[in-house]
Amino acid sequence: MLWIKSLHIIFVVAWFAGLFYLPRLFVYHADASDPISHDRFVVMERRLLLLASLAAVLALVFGAMLAGPWLKSGWLHAKLALVLILLGYHHSLAKLGRAFREGRNTRSAKWFRVYNEVPTLLLVAIVILVTVKPF
């Protein structure tokens, strides 16, 4: 069970690394005006999204393997609700990346700076729920 927990934590960390860095790339991409920079950011964003998506799937698989003993716990239900929101955020990043690739981005660099804080808030709440188990 400790191996599964270790793998879950490793892939959660990798997933969050992608969720933290991809919007930061969008900040720089929104400010870029030349085609060479645009093309470079598109490649970087696609690769990072792919790696973050793989990490997300593996984090979910190993997390599901750990959930059994706590299925009736309120803290786990709250955590899973936040994970669903996090998956929605991840999906929104994929849509935003697609908009950049297709030249349809309408968001400013400032907007992406603010949007970049969402996973931080979710991470804090999830870690508190998992460690404190308040209910």
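The values are calculated or read from the model by the stated rules, or taken from the named source; none is laboratory data. None of the values given here were measured: they were computed from a predicted structure. Cβ: placed from backbone, ideal geometry, glycine included. Neighbour counts: every protein chain shown. In case anyone asks, the SASA skips ligands and DNA or RNA and just uses the protein heavy atoms, side chains included. Shrake-Rupley method; radii C 1.70, N 1.55, O 1.52, S 1.80 Å.
Given the criterion of a type in the set (Phe, Trp, Tyr), more than 22 Å from Ser108 (Cβ to Cβ) and modelled with pLDDT of 95 or more, identify the matching residue among Trp70, Trp75.
That would be Trp75, the only listed residue that is of a type in the set (Phe, Trp, Tyr), more than 22 Å from Ser108 (Cβ to Cβ) and modelled with pLDDT of 95 or more.
Scanning for something under 30 Å from Lys133 (Cβ atoms) and modelled with pLDDT of 95 or more, does the range 92-100 turn up at least one residue?
There is at least one residue in the range 92-100 that is under 30 Å from Lys133 (Cβ atoms) and modelled with pLDDT of 95 or more.
Matching residues to (1) among the small types (Gly, Ala, Ser); (2) open to solvent by 90 Å² or more (accessible area, probe 1.4 Å):
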position: Val83; (1), (2): no, no
position: Leu93; (1), (2): no, no
position: Gly97; (1), (2): yes, no
position: Arg101; (1), (2): no, no
position: Val114; (1), (2): no, yes
position: Val118; (1), (2): no, no
position: Leu122; (1), (2): no, no
position: Val127; (1), (2): no, no
position: Pro134; (1), (2): no, no
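Every residue in the range 100-135 that is within 21 Å of Met44 (Cα to Cα), among the charged types (D, E, K, R) and touching a helix residue (DSSP H, G or I) at 6+ places or on another chain (Cβ under 7 Å), please.
Within the range 100-135, Arg101, Arg107, Arg113 qualify.
Please go through (1) open to solvent by 50 Å² or more (accessible area, probe 1.4 Å); (2) under 22 Å from Val114 (Cβ atoms) for His77 and return the number of the only condition it doesn't satisfy.
Just one mismatch for His77, condition (2).
Here is a check on your reading of the model: is Phe11 out of contact with any Pro (no Cβ under 7 Å at 6 or more places or on another chain) and either buried (at least 17 other Cβ atoms within 10 Å of the Cβ) or among the hydroxyl-bearing types (Ser, Thr, Tyr) (or both)?
yes
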